[in-house]
1. Answer yes or no as to whether D31 is surrounded by fewer than 21 Cβ atoms within 10 Å (Cβ to Cβ), closer than 18 Å to G77 by Cβ and touching a residue at least 12 places away in the same chain (Cβ under 8 Å).
2. Could you check the range 42-71 and list, in sequence order, the residues that are within 17 Å of A30 (Cβ to Cβ) and without any contact (Cβ under 8 Å) to a residue 40 or more places away in the chain?
3. In this structure, does I11 turn out to be buried (at least 21 other Cβ atoms within 10 Å of the Cβ) and either of a type in the set (D, E, K, R) or more than 17 Å from E111 (Cα to Cα) (or both)?
4. If a residue must be without any contact (Cβ under 8 Å) to a residue 40 or more places away in the chain and aliphatic (A, V, I, L, M), how many such residues does the range 75-112 contain?
5. Out of (1) out of contact with any Phe, Trp or Tyr (no Cβ under 9 Å at 6 or more places or on another chain); (2) more than 16 Å from I8 (Cα to Cα), what's the single condition that is false for L89?
6. Hey, could you check the range 16-56 for residues that are of a type in the set (S, T, Y) and within 11 Å of the chain's Cα centre (by Cα) and say which is modelled with the lowest pLDDT?
7. Is it fair to say V24 is among the hydrophobic types (A, V, I, L, M, F, W, C) and in a helix (DSSP H, G or I)?
8. Need pairs with beta-carbon distance below 6 Å; first residue free of Cβ contacts under 8 Å to residues at least 60 places away in the same chain and of a type outside the set (A, V, I, L, M, F, W, C) and within the range 16-28, second surrounded by fewer than 24 Cβ atoms within 10 Å (Cβ to Cβ) and in a helix (DSSP H, G or I); sequence gap 6+ or separate chains.
Amino acid sequence: MSNDPISIGSIEQFNSLLKSSKVVVADFEADWCATCKVIAPFYEQLAKSLSRPNAVTFVKINGDEHLELLEEYRVTGYPTFLVFKNGKLEDTIRGVEPDILSAIVNKVIQEAGSEGAEIP
């Protein structure tokens, strides 16, 4: 199984991942977004090092293709990262902030692990 971020193809797929994974990190992006391309390698490396099946899942969501998710989660710019724990939104990071993104993701993974989630 690859640890690359999963490209979301439908709302149903995203909602299913929110239910099946303890932690989900969602990268809202657009093909035309230059700053999205700047942080993409960092996000992909974070996904490769921290992804765990059914425990920690990283996804990419093309905002232009999923306007309903932009509305639902009030995403107003790119890149925007949403961090979910047990299906609930825990934090939002807007812009190119690799240190903040990494710190928040690691904190939420630690919290999920201390709550009984099996995260190796």
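The values are calculated or read from the model by the stated rules, or taken from the named source; none is laboratory data. From a predicted model like this one, the values you see are computed outputs, not experimental measurements. All Cβ positions, glycine included, derive from the backbone under ideal geometry; neighbour counts span all protein chains shown.
1. Against the criterion (surrounded by fewer than 21 Cβ atoms within 10 Å (Cβ to Cβ), closer than 18 Å to G77 by Cβ and touching a residue at least 12 places away in the same chain (Cβ under 8 Å)), D31 qualifies.
2. The answer is G63, D64, E65, L67, E71.
3. The answer is no for I11.
4. 5
5. Among (1) out of contact with any Phe, Trp or Tyr (no Cβ under 9 Å at 6 or more places or on another chain); (2) more than 16 Å from I8 (Cα to Cα), L89 violates only (1).
6. Ranking the qualifying residues of the range 16-56, first place goes to S51.
7. Answer is no for this residue.
8. Once the first residue is free of Cβ contacts under 8 Å to residues at least 60 places away in the same chain and of a type outside the set (A, V, I, L, M, F, W, C) and sits in the range 16-28, its partners that are surrounded by fewer than 24 Cβ atoms within 10 Å (Cβ to Cβ) and in a helix (DSSP H, G or I) give D27/Y43.
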